[in-house]
1. For the chain, modelled as a Gaussian network with Cα springs under 10 Å, which listed residue fluctuates most, GLU34, GLU120, GLU18?
2. Note down the magnitude of the dipole of the stretch 2-138 about its Cα centre, charges +1 on Lys and Arg C-beta and -1 on Asp and Glu C-beta and zero elsewhere, to the nearest 20 debye.
3. Roughly how tilted is helix 2-63, in degrees to the nearest 10 and between 0 and 90, from the longest Cα axis of the chain?
4. Using a 10 angstrom cutoff on alpha carbons, build the Gaussian network for the chain and name the most mobile of ASP138, ASP122, ASP98.
5. Tell me, in nm to one decimal, what length is gained between TYR60 and ALA125 on full extension, where the rule is 0.36 nm per residue of separation less the Cα-Cα distance?
6. Applying the Karplus parametrisation 6.51 cos²θ - 1.76 cosθ + 1.60 with θ = phi - 60° to the phi angles of the stretch 77-85, what ³J(HN,Hα) value in whole Hz is obtained for each residue in order, glycine and proline being reported as x?
7. Of LYS16, LYS27, LYS107, which is the most mobile in a GNM of the chain whose springs link Cα atoms less than 10 angstrom apart?
8. For the chain, take the longest principal axis of its alpha carbons; what is the angle in degrees between that and the long axis of helix 99-108, to the nearest 10 within 0 to 90?
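Quick note: the coordinates plus some simple rules give every number you see, no bench work behind them. What you are looking at is a predicted structure, and each value in this text was computed from that prediction instead of being measured. A quick note on method: Cβ atoms are made from the backbone with ideal geometry, for glycine too, and the neighbour counts reach across all protein chains shown.
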Amino acid sequence: MKQHKTLTTALTALAKLEKRKAELENKHCAKVAELENKHAASVEPLEAEMNTIRTAIAAYANAHREELTENGKVKSVKIGSGCLKWQKNRAKVEITGDTAAIIAALKRRKLNHFIRTREELDKTAILKEPTAIKRPIDGLTIIQGGASETLTIDTGV
């Protein structure tokens, strides 16, 4: 009986500590959110002004590109404390349609090399049929469900 009472006391103490920890974490998150909001509010006007200036610089640079790049001889030009650079964008694949339909179309056209096939172990299938693996495989162990247990201590917090 005494051991049961000690266990009850320990679980109660654990629950109080978990609750206190959760309260402190909530206060911390609230303070972080408040600081992030203050920072965002103070930075927002700066970002707006920076975007306005960038837009004006880009408009000027694009209108005077030939002059700035010496008729295309250079791709960048240093002006004052900044630098203007013209770079070609990298090629990219943009998928706007149904992926399954695109894959089917590639297969019909015998373009399977554009389709990535990912191989991975099917753990569910292995658990359903563990006897199919006759000889042990290095790095693969099947642990039966009743062989181990996990104790979970839940205080409701």
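1. Largest GNM mean-square fluctuation: GLU120.
2. Details: 28 positive and 18 negative charges, 160 e Å.
In debye, rounded to 20, the stretch 2-138 gives about 760.
3. Around 10 degrees separate the two axes.
4. It is ASP138.
5. On the way: separation 65, 0.36 × 65 = 23.40 nm, distance 6.32 nm.
So the chain would gain 17.1 nm between TYR60 and ALA125.
6. These are the phi-based 3J(HN,Hα) values: 9, 8, 10, x, 9, x, 9, 9, 10 Hz.
7. For the chain, modelled as a Gaussian network with Cα springs under 10 Å, the answer is LYS107.
8. Once rounded, the angle reads 80 degrees.
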